[in-house]
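The block underneath contains the structure these notes are about, expressed in structure tokens.
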Amino acid sequence: MTVSGPMAVEEHRNWEDVDYTSLLNGQAFPPDFMWGVATASHQIEGGNTNNWTRFEPRSKSGQESGDACDHWNRKDADLELIQDLNVTHYRFSLEWSRIEPEMGTWNEDAIEWYSELVDQLLEKGIQPMVTLHHFTNPLWWEDMGAFENESNIVYWIRFCSKMFEVLRDRVEWWCTINEPAVYASMGYVLGEFPPGERSFKKTRKVSLNLMRAHARCYRTLKSMEHGDSRKIGLVKNINLFDPYRRWNPLHRFQANVLDKMFNRCWIDGLKTGRFKPPSALRSISIDGLKGSSDFIGVNYYTHLLATPFMPTKVEIDPLIRPWEERTDFRYPMYAEGLKRAFEMVSPLNLPIIVTENGVADNDDDMRPEHVRRHLHITAEAIQHGHDIRGFFHWSLMDNFEWAEGYEQCFGLYHVDFETQQRTLRESGKLYANIAQSHRMPQVVILAGGLGTRLGEMTKHQPKSLVEVGGKPILSHILEWVKRQGCYRALVLTGHHGDQFDGFHFPGIELTFVKEPEQLGTGGALWNARDHLEDEFILLWGDDYHPIDYTPLVHNHREASSRLTMTVTTEHDEMNLQHEAGRLIHYAKTGDIPKGFNGYEAGTSVVNKSVVMDFGKEGTWSWEKTVYPALSTEIHVHLDSTKFWDMGTPERLEQLENFFNESGL
Ligand code: BGC
């Protein structure tokens, strides 16, 4: 069904007919998709003193944030909750009022807390995304007028640079300002957020300064060390406005005006560098604004139906279509609008990240369907060519919902605010399953092999620990693995496993499994079976094989294969025959029969069921046992990217040269 007219079509689908199977079998999203959950400091930390704490007694709900989720004191346990959701990324914000409680006074303990949070996330293989401004200001800055005065921006930039210095070596993803249009309209038009004003004049000034601040922040961080390689972007809430009656020109006019003020002027500003603040008559050029985002963050929640008599107070129920369902927030669930949000930002030609999407639904009877619908729309948009890189569910857990206080519950975890107990909701389980079925599989590295031809060096040292280009080959392998979006690795260390003690690799959750004696490749896998995920990527710890994992994993999943091996056709020896995408014949050693046309290049995707079928105690070889037995069933993924082994001193030197030349 569509409610159409001259404006953007307001599509409505019959969701009963939609097939969600691909959401759960890992085939709706690319394997390197970012799966995340999002929070904001003031909504979860508790114990803050900022513009919000001062405003709360006179806010709509009158509820005070108080201890919130007491996250400041429960960080470690909450990190486990995040990990249990199988997400690859976590978006959180830095509380400026904690970090710089007085102008120019830095609270090192607070800085250390965030720094530790980042380290802990990386240890767990969860990649951090930092938001630099999410609605809150320190009181000293609020008293100076916050974003009302252009001259105040310099203080915020100083804070951003300071935190960038601290975290830039470990944090890749940075959001400058969360939802500038919400900050401006809620604080200065509707008066529901601090400072609780209703002034168009101030709204214009604040909007302009928010855009200036964003642009300056982007340019400043980009010019700093590591700035080049970090991804920095604006987070824009897209709130759709549709005319309540399409045929009514007044409704259309109203929808259009609101759309321009809330959405279009901000997006156009980013695109052109000229910004026309809401209700302003002319646009103003902002230095450095054009192109000041490496990605665009989209926060999407709903659409609103416009009439000239729309309530300007949130207490009055907004209009909805008769078939729509209201969320606890009273606005409707309208997943189709997410597609329109993608279309709206697509002229920016930037990678898109859904930095927030979720629903207030305390009893969780709507959230599972909300999650499915919005992910379905996102997957479809990717298929239609939109460059969407990730999806962050709002929110990890129930929290302090600004002017609504604790009444609106957005969490995948329910929080009992009396006891601070967190309970995973059904929707949380669903989200965790969808993320797990899509994310890059665990990587399993056979890292215990000793070098027989490398001389003294590796008689007692696993080859994977041999240094090349200044660090162990294993670190180079993990670097590649991480770039491919794999954040969990199981390292099978052989019987010299103690030598891996103290080995770290931030950004990947590492598990080491040692062997009591030399077990061979098959024995090593069997020995580690309790740690294997249902699907994993198998690698050799002494080979560097920089192939693109996305098509490999995609092929494996699409073919419902149990074992997919990468085969190169450009190698001086051949050890297998393949035909029509299947392995026909494999021979690791001995005479190479005629007709052999490929070489096993080392990176394969394996379902754990194969290990369980062939598993046995003792020493055995994976490749010599499984490959011949499963030939014709094994899928072949052709990729002739050169792989590097380091079995001999000459090859080690070649690999060293490769690293030096490629800068990897
Ligand atoms: C904000 C969040 C808020 C969420 C739900 C977003 O606009 O960024 O802080 O909790 O909406 O209303």
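Remarks
- Only one entry in 182, 235, 171 is within 14 Å of the ligand (Cβ to nearest atom), closer than 19 Å to residue 352 by Cα, touching a residue at least 40 places away in the same chain (Cβ under 8 Å) and open to solvent by less than 40 Å² (accessible area, probe 1.4 Å), namely 235.
- Answer residue from the range 300-320, given it is polar (S, T, N, Q) and assigned to a loop (DSSP other than H, G, I, E, B) and is nearest to the ligand (Cβ to nearest atom) among those: 312
- Residue, surrounded by the fewest Cβ atoms within 10 Å (Cβ to Cβ), within the range 321-341, restricted to residues that are outside any loop (DSSP other than H, G, I, E, B) and within 16 Å of the ligand (Cβ to nearest atom): 326
- Residues of the range 384-410 classified as of a type outside the set (Phe, Trp, Tyr) and within 12 Å of the ligand (Cβ to nearest atom), total: 13
- Hey, residue 135 closer than 22 Å to residue 205 by Cα and within 16 Å of the ligand (Cβ to nearest atom) or not: yes
- The condition (being more than 16 Å from the ligand (Cβ to nearest atom), part of a loop (DSSP other than H, G, I, E, B) and open to solvent by less than 10 Å² (accessible area, probe 1.4 Å)) is satisfied by just one residue among 47, 62, 66, 26: 26.
- Counted as qualifying within the range 531-586 are the strands (runs of 3 or more DSSP E) with 1 or more residues that are assigned by TED's automatic domain parsing to the domain that holds residue 465 and within 26 Å of the chain's Cα centre (by Cα), namely 535-540.
- Considered as a group, the residues in the range 238-256 that are in contact with a His (Cβ under 6 Å, 6 or more places away or on another chain) and open to solvent by less than 20 Å² (accessible area, probe 1.4 Å) include one that is farthest from residue 392 (Cα to Cα), and that residue is 243.
- Enumeration of residues in the range 606-632 that are touching a His at 6+ places or on another chain (Cβ under 9 Å) and under 16 Å from residue 575 (Cβ atoms): 628, 631
- Exactly one residue out of 190, 210 is touching a residue at least 24 places away in the same chain (Cβ under 8 Å), within 16 Å of the ligand (Cβ to nearest atom) and more than 27 Å from residue 295 (Cβ to Cβ): that is 190.
- Verdict on residue 610 being out of contact with any helix residue (DSSP H, G or I) (no Cβ under 8 Å at 6 or more places or on another chain), more than 30 Å from residue 455 (Cβ to Cβ) and aliphatic (A, V, I, L, M): no
- Selection from the range 150-168 of residues that are open to solvent by less than 20 Å² (accessible area, probe 1.4 Å) and either free of Cβ contacts under 8 Å to residues at least 24 places away in the same chain or among the aromatic types (Phe, Trp, Tyr) (or both): 156, 159, 164
- Members of the range 342-365 that are open to solvent by less than 10 Å² (accessible area, probe 1.4 Å), more than 13 Å from the ligand (Cβ to nearest atom) and out of contact with any His (no Cβ under 8 Å at 6 or more places or on another chain): 345, 353
- Failed condition for residue 297, given (1) of a type in the set (Gly, Ala, Ser); (2) away from the ligand (no atom under 16 Å from the Cβ); (3) in contact (Cβ under 8 Å) with a residue 40 or more places away in the chain: (2)
Okay, residues lined up against (1) among the aliphatic types (A, V, I, L, M); (2) part of a loop (DSSP other than H, G, I, E, B); (3) assigned by TED's automatic domain parsing to the domain that holds residue 167:
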| site | (1), (2), (3) |
| --- | --- |
| 181 | yes, no, yes |
| 220 | no, no, yes |
| 240 | yes, no, yes |
| 253 | no, no, yes |
| 282 | no, yes, no |
| 289 | yes, yes, no |
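- Considering each residue of the range 470-483 in turn, none proves to be in a loop (DSSP other than H, G, I, E, B) and in contact (Cβ under 8 Å) with a residue 40 or more places away in the chain.
- Filtered by the rule that a residue be open to solvent by less than 10 Å² (accessible area, probe 1.4 Å) and not hydroxyl-bearing (Ser, Thr, Tyr), the range 540-564 gives 541, 547, 552, 553, 556, 563.
- Failed condition for residue 131, given (1) among the hydroxyl-bearing types (Ser, Thr, Tyr); (2) more than 15 Å from the chain's Cα centre (by Cα); (3) under 24 Å from residue 155 (Cα atoms): (2)
The values are calculated or read from the model by the stated rules, or taken from the named source; none is laboratory data. Quick caveat, the model's predicted, so the values are computed rather than measured. Methodologically, a virtual Cβ is constructed for each residue, glycine included, from the backbone with ideal geometry; neighbour enumeration extends over all protein chains shown. With ligands, DNA and RNA removed, areas are computed over all heavy atoms of the protein, side chains included. Shrake-Rupley method; radii C 1.70, N 1.55, O 1.52, S 1.80 Å.
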